[in-house]
Amino acid sequence: MWKSRRVFFYLLSEMVPTFILGVLVFISILLMFQALRLTEFVLVHGIKFSFILDIMGYMSISFLPMILPMSLLFAVLMTYNRLSMDSEIIALKGAGYHGSTMLTPAVALALVVALISAQTAFYVAPWGNRQFELLITHLGNTKAAASIKEGTFSEGFFDMVIYANKVNSEEGLLQDLFIYDDKNPTSPLTIIAPQGHIIPDLDNPGHSVLLRLFNGQIHRRGQAHTVVNFESYDVLLNDPVKFEERKKSAPSLNYTELKNRINDPEIKPNDKIGFAVEFHKRFALAAACLIFGLVGVGYGVVNERRSGKSSGFVVSVGFIVGYFVLYIAFEGLSRSGKLPAYVGPWIANIIFAGLSVRQIQKKLS
């Protein structure tokens with residue numbers, strides 16, 4: 001019994017540092033894919049580096065449900081691959097240790113990570129994703145001038161078409177302005193002004209952006225063409241009274257909120273499918289930790305020492321890519337209604353579970 005415990009903690013001590021390393025590596029890789037977007041925030045919006053660190057932090061938290069099973073597979077596969085390469089698996093078998101003794105540490109670690117992953121998927125990651133959404137909304141409102149390009153018609157400026165000959169993004173100053181507002185199709189507005197100033201709401205940032213125009217004209221087209229001259233005219237882009245906080249997207253909903261959306265009779269059936277898929281995909285990702293633990297053992301143990309030196313990392317990346325290709329494909333079928341919401345997110349787990357059990361029986365029996 002004591003010897004089995006020593007083997008258990010020995011294998012566990014090999015996997016845990018590699019798991020932590022895997023978390024850091026995969027977070028870095030996923031953030032690298034966002035590098036272009038982060039660079040745009042700096043160059044276009046001119047935001048501070050501390051703001052970028054906040055964005056990176058919230059993005060990393062929202063990535064955790066995917067990163068945890070990936071890191072676990074990496075840790076288990078690399079550990080058992082090294083044991084095979086150093087002939088420690090053969091030595092353990094020769095000493096009379098059963099395959100279950102070598103499998104137990106990986107299963108124990110997978111259970112712990114699965115529980116952490118479930119909590120992360122339903123509470124921590126939604127919080128991080130929500131903070132990221134609010135941060136981007138705040139950025140869009142307080143740095144509104146940055147979205148206007150000099151000498152270019154910008155169609156995405158608060159549902160209006162705007163043109164400015166010169167733009168000072170730092171001070172929010174605009175020159176030679178042309179604005180077309182067709183929110184009311186029966187009487188669209190055209191505003192022309194030589195100067196304008198974008199004023200954020202400093203007391204409640206993100207809730208209101210004021211565009212103050214000077215010495216211009218308002219042209220209203222309806223049954224009769226109306227022209228109004230003004231010295232100063234304010235365009236309230238987000239009314240603080242009518243302003244509604246950006247609604248939570250499905251990834252930002254926690255366990256209770258998702259259940260309430262699924263059971264809400266007022267929500268459209270198609271939207272309910274999306275919420276149900278989101279609910280099951282989070283459980284499926286947590287369960288993937290258990291599956292990846294078995295996969296790591298089954299395919300980490302190799303019979304040829306020559307292949308062990310380089311195959312561990314390559315095999316782990318191959319399994320990660322293969323899993324998520326299947327996962328995304330079947331999840332898409334559930335979202336489109338071709339598969340039930342409770343089926344699609346789990347198919348990749350079922351396939352990989354079958355492969356891992358077969359491989360474990362072959363290598364550790």
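The values are calculated or read from the model by the stated rules, or taken from the named source; none is laboratory data. The structure presented is a predicted model; accordingly, all values stated were derived computationally and were not measured. Virtual Cβ from ideal backbone geometry, glycine too; neighbours counted across all protein chains shown. Accessible surface areas use protein heavy atoms only, side chains included; no ligands, DNA or RNA. Shrake-Rupley method; radii C 1.70, N 1.55, O 1.52, S 1.80 Å.
Listed values, structure above:
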{"item": "Using θ = phi - 60° and Karplus 6.51 cos²θ - 1.76 cosθ + 1.60, couplings along segment 260-265 (whole Hz; Gly, Pro as x)", "result": "5, 5, 5, 8, 6, x"}
{"item": "By accessible area with a 1.4 Å probe, ligands and nucleic acids excluded, highest first: order of PHE8, PHE313, PHE275, PHE153", "result": "PHE153, PHE313, PHE8, PHE275"}
{"item": "Using θ = phi - 60° and Karplus 6.51 cos²θ - 1.76 cosθ + 1.60, couplings along segment 75-80 (whole Hz; Gly, Pro as x)", "result": "5, 5, 5, 5, 5, 6"}
{"item": "Whole-percent carbon and sulfur share, accessible surface of segment 43-132, 1.4 Å", "result": "72"}
{"item": "Entries in LYS259/LYS281; LYS149/LYS183; LYS149/LYS248; LYS248/LYS338; LYS281/LYS363 that, when Cα-Cα distance is taken, lie over 19 Å", "result": "LYS149/LYS183; LYS149/LYS248; LYS248/LYS338; LYS281/LYS363"}
{"item": "Solvent-accessible ranking of VAL343, VAL113, largest area first, probe 1.4 Å", "result": "VAL343, VAL113"}
{"item": "Ranked order, SER100, SER84 - accessible area, probe 1.4 Å, largest first", "result": "SER100, SER84"}
{"item": "Residues in segment 84-104 that a label on LEU12 would reach, taking backbone N under 19 Å of a point 7 Å out along Cα→Cβ", "result": "98-104"}
{"item": "Accessible area of THR152 in the full protein assembly, 1.4 Å probe (Å², nearest 10)", "result": "60"}
{"item": "Built amide H within the under 5 Å cut-off of GLN195, gap 5+", "result": "ASP176, LEU177, PHE214"}
{"item": "Segment 87-138-segment 276-298 distance, computed between alpha-carbon centres (Å)", "result": "10"}
